[in-house]
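Below is one structure; the comments refer to it alone.
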Amino acid sequence: MSGGPRAFGALLAHDGVCLVEYATERTGMRIVDQWTEPSRSQSIEEALDRLRAMIDARGARQPRVAIAVEQFGVFHHTMTLPGATDDVLQPVIRREVQRVFGVSDPVIAFARGAANERREPGRADERTAPRQLFVAGAPRAVIDALGAAFRGSDIRVEIATVVPKTIHSLYKATGSSPEPTAVLVCLEGGPQLAFFLDGRLELAIDPPIALEGEPPSIPTIIDQFERGAVYFRQQFRGAQATRVLLAAAPTEFDALASALESRMGVHVKPLFAAASTPAAIVAMGAVLEARHGSALDLFPHPPTLGQRMSQALRGPNAVVGATAAAAAIAAIWAVLQVASLASTRNDSAKVETGVRQAIAQVGPSKSVAQRRADVSRQLEFLRATTREHAALAAELSSLAGALPAAVRFDSIAVTRSKAGWAATIVGEAAGETTAQAVRALDQFYGAVRSRSDVASPNLDQFDYAAAKPQSDTTAAEKQAIAARGPITLQFKMSFTLTPARGNAAAAGAQP
Amino acid sequence: MTLAELRAAMTRHRRQGFVTVLSLVVLAIAVTMGAGAKRQLAPAKITNSRLHQSMNEIDAFRAAFKAAAPVEDARLVLPDSLDVSVPHDLRMSMAGQLATRAERAGLSNVRVRFAPADSAAPPPRPDFLGRTVTVGDYTIALDCEGGFAALLSFVNHVPAATALQRIIASRSAKGVSYHLVFTVLEGDASADGQHG
């Protein structure tokens, strides 16, 4: 046996309660044991009490159980409707059930079977194709009793289904042969008969009302079968079941099988050889149905979390849910914002206090540091000033040194500018001939232009000096003319000296 | 949906209506409070950041500062001759210094006078933490005669509190005359302690 919770199948009926314990193995399911409580129950509550007592007697922890319910007003119906959603089908099925079974407020459940597309291929549509529906229903009180019986217990009900659907599951377990087949299950309450055509459940016939405590005899069962076969033939264009899958008590199986074969001309096979009684077979059918993809389930399962959420977000509850969620999110956001603001303010207050105290503590150190920095900057400024003056003196000295003998300055003006020092030279160049004088001036101009520390050199003015009357010429001038030559050119030259500007680069210096 | 339909719906779903109204009230209060807090949060964070930055600067200063003996700190004063500014009251003294240095450099016929501010570019000035140095609103003009070498020697010995702005050298029959213009860097008297 597997280590998981123990699993059971059960048949719940007026005439008795049957419980089957099974184990799931790699090759399928194996019946472990089975128990029958043959006492007649007066109500569904009484039958459920018996079932619970039987399960409790097994001492299983958190057992699983699949239940098939017979009688107690439970009914089954098959119908074919166009494909549609549950919301559309539900009211249609409800009205049909109320009309057919005369129950005013039934609890219904339905499961979809195979599609029965009869339209031409061009018009066929899987979504709207007529589809077989298996419908189960019961009075609301019965379903309420089912739910109440297991509420609060550790028993997990997998399914509460009807006997014809368990027969359907059993039939599918045999291979769903397309051969027209009848399934006959001889329960204590009477024979349950189902007809299958092309593997589909086409007809399910409940047993006739029988007297209390009187199990149906073989002739009664044969008659019931014969009437069912006739009806099946009439309804389905002469279809005739050639095979019967039989579930009957071991004591009457052979007699019933031979009677069916001889009278109806069919061949009979056991429906489920592993179980000894029809009730146990139906119980296992409920187990198989529980594993079906679209099981027919009447049990009022408590809604799952997803279903609760879905319910809560429908209609007026959707508005409530949306506004409540928005309010909750806004409240959380507001709390976070307020908390963040309070935290920031508290932190600021602490840091501000710390800064005030620290400023008071470092005050003397700050003035010392400031004095040190000022002394350092003063020294640097002094060095830079000295460098600047030395550089200017060196430039002027160098300029004077580059002066040819034939050129002399009349004036030099040097003025501080943003780019350095703006210099203007006014002077004379002399020679024996004009060519010599011009050559001397050009030599000087070329020397100035070639200096790397001179920018924007320009010869602003260039002219011959007016010859003085001989009588006005002084002796010194006469001597100079004799030395330098008679031709004199007056010129004005401007340029910018750009020596290293010490102060501009000095640390902390301001323009 | 009309008002009557809404009223009917509210009557039909009384509990849902109450919860919805309550949620809307909570939503409004939360949005108002949250938005107000968010509005104040941005400036509060900036202030907080500045305070932390100040604290970090103070911590960095504390870590970098090395205290000296009080006597050593008291000695941390440069002599008057190395000062880079002069109070306005002592401008005559500065003019005297310039004339003296010019004569010592070998220049003759030195004449000093005060003149309005010069149009040349202002000289660089030092940027101190504890005091302010400005360019004076006057200049000192110095006229003299002599050799070019003497002029260059003078230029090399100009006091640091003055800045040479202009040199004009002119040749005449008597020799070479010079005209120099100096700006003066001024500091307040209290800071220039050495000028007392």
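The values are calculated or read from the model by the stated rules, or taken from the named source; none is laboratory data. What you are looking at is a predicted structure, and each value in this text was computed from that prediction instead of being measured. Neighbour counts are summed over all protein chains in view; Cβ atoms, including those assigned to glycine, are modelled from backbone coordinates with ideal geometry.
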Residues of segment A:365-389 that turn out to be more than 7 Å from chain B (Cβ to nearest Cβ) and surrounded by fewer than 17 Cβ atoms within 10 Å (Cβ to Cβ), as a count: 6
Can you tell me which of (1) outside any helix (DSSP H, G or I); (2) under 39 Å from the mean Cα position of the chain (by Cα) is the one A:Ser104 doesn't meet? (2)
How many residues of segment A:270-290 are touching a residue at least 24 places away in the same chain (Cβ under 8 Å) and part of a loop (DSSP other than H, G, I, E, B)? The answer is 6
Among (1) part of a helix (DSSP H, G or I); (2) touching a helix residue (DSSP H, G or I) at 6+ places or on another chain (Cβ under 9 Å), which single condition is A:Ala68 missing? (1)
Test for A:Ala349: is it in a helix (DSSP H, G or I), more than 9 Å from every other protein chain (Cβ to nearest Cβ) and at pLDDT 90 or above: yes
Within 18 Å of A:Ala286 (Cα to Cα) and out of contact with any Lys or Arg (no Cβ under 9 Å at 6 or more places or on another chain): does that describe A:Leu48? yes
Which of the residues spanning segment A:2-23 are over 20 Å from A:Ser276 (Cβ atoms) and surrounded by fewer than 17 Cβ atoms within 10 Å (Cβ to Cβ)? A:Ser2, A:Gly3, A:Gly4, A:Pro5
Among all residue pairs at least 6 apart or on different chains, which show Cβ distances below 8 Å where the first residue, located in segment A:481-503, is outside the structural domain of A:Leu392 (by TED's automatic domain parsing) and under 22 Å from A:Ser411 (Cβ atoms) and the second is modelled with pLDDT under 65 and among the polar types (S, T, N, Q)? A:Ile481/A:Thr473
Select, from A:Ser417, A:Ser411, the only residue that is on the phi < 0 side of the Ramachandran plot, facing chain B (nearest Cβ under 8 Å), touching a strand residue (DSSP E or B) at 6+ places or on another chain (Cβ under 6 Å) and at pLDDT 90 or above. A:Ser411
Flag if B:Leu51 is of a type outside the set (Asp, Glu), in contact with a Ser or Thr (Cβ under 8 Å, 6 or more places away or on another chain) and within 30 Å of A:Ala369 (Cα to Cα): yes
Using the structure shown, decide if A:Gln235 is within 25 Å of A:Leu133 (Cα to Cα) and free of Cβ contacts under 8 Å to residues at least 40 places away in the same chain. yes
Any residue at all in segment A:112-128 that is surrounded by 15 or more Cβ atoms within 10 Å (Cβ to Cβ) and more than 21 Å from A:Ala160 (Cα to Cα)? yes
Across segment B:103-124, the tally of residues that are under 33 Å from the mean Cα position of the chain (by Cα) and in contact (Cβ under 8 Å) with a residue 60 or more places away in the chain stands at 6
Lone qualifier among A:Leu396, A:Leu392, A:Leu298, A:Leu341 - being surrounded by 16 or more Cβ atoms within 10 Å (Cβ to Cβ) and part of a loop (DSSP other than H, G, I, E, B): A:Leu298
Inside segment B:109-136, can you point out the residues that are under 14 Å from B:Ala161 (Cα atoms), more than 8 Å from every other protein chain (Cβ to nearest Cβ) and not β-branched (Val, Ile, Thr)? B:Gly136
Out of all the residues in segment B:45-84, which are within 9 Å of another protein chain (Cβ to nearest Cβ) and not in a helix (DSSP H, G or I)? B:Phe65, B:Ala67, B:Ala68, B:Leu76, B:Val77, B:Leu78, B:Asp83, B:Val84
Within segment B:131-152, identify whether any single residue is assigned to a loop (DSSP other than H, G, I, E, B), in contact with a helix residue (DSSP H, G or I) (Cβ under 7 Å, 6 or more places away or on another chain) and hydrophobic (A, V, I, L, M, F, W, C), and answer yes or no. no
Being more than 9 Å from chain A (Cβ to nearest Cβ), crowded, with 22+ Cβ neighbours inside 10 Å and within 29 Å of the chain's Cα centre (by Cα) is the filter here; which residues of segment B:140-174 pass it? B:Ile140, B:Ala161, B:Thr162
Is segment A:322-329 home to any residue that is surrounded by 17 or more Cβ atoms within 10 Å (Cβ to Cβ), in a helix (DSSP H, G or I) and hydroxyl-bearing (Ser, Thr, Tyr)? yes
Condition set touching a residue at least 12 places away in the same chain (Cβ under 8 Å) and under 13 Å from B:Ile168 (Cα atoms), scope segment A:414-448, selection farthest from the chain's Cα centre (by Cα): answer is A:Val426
Answer with yes or no whether A:Pro106 is in contact (Cβ under 8 Å) with a residue 12 or more places away in the chain, closer than 24 Å to A:Ala145 by Cα and surrounded by 11 or more Cβ atoms within 10 Å (Cβ to Cβ). yes
Quick one: in segment B:85-101, which of the residues that are within 14 Å of chain A (Cβ to nearest Cβ) and in a helix (DSSP H, G or I) is nearest to B:Ser153 (Cα to Cα)? B:Arg101
Go through A:Gly175, A:Gly152, A:Gly190 for me and flag whichever is in contact with a helix residue (DSSP H, G or I) (Cβ under 9 Å, 6 or more places away or on another chain) and at positive phi. A:Gly190
Here are A:Ala53, A:Ala60: which of them is among the small types (Gly, Ala, Ser), outside any helix (DSSP H, G or I) and outside the structural domain of A:Leu187 (by TED's automatic domain parsing)? A:Ala60
Considering residues that are modelled with pLDDT under 90 and of a type in the set (A, V, I, L, M), the number found within segment A:230-239 is 1
How many residues are surrounded by 17 or more Cβ atoms within 10 Å (Cβ to Cβ) and over 18 Å from B:Ser170 (Cβ atoms) when one looks only at segment A:399-428? 3
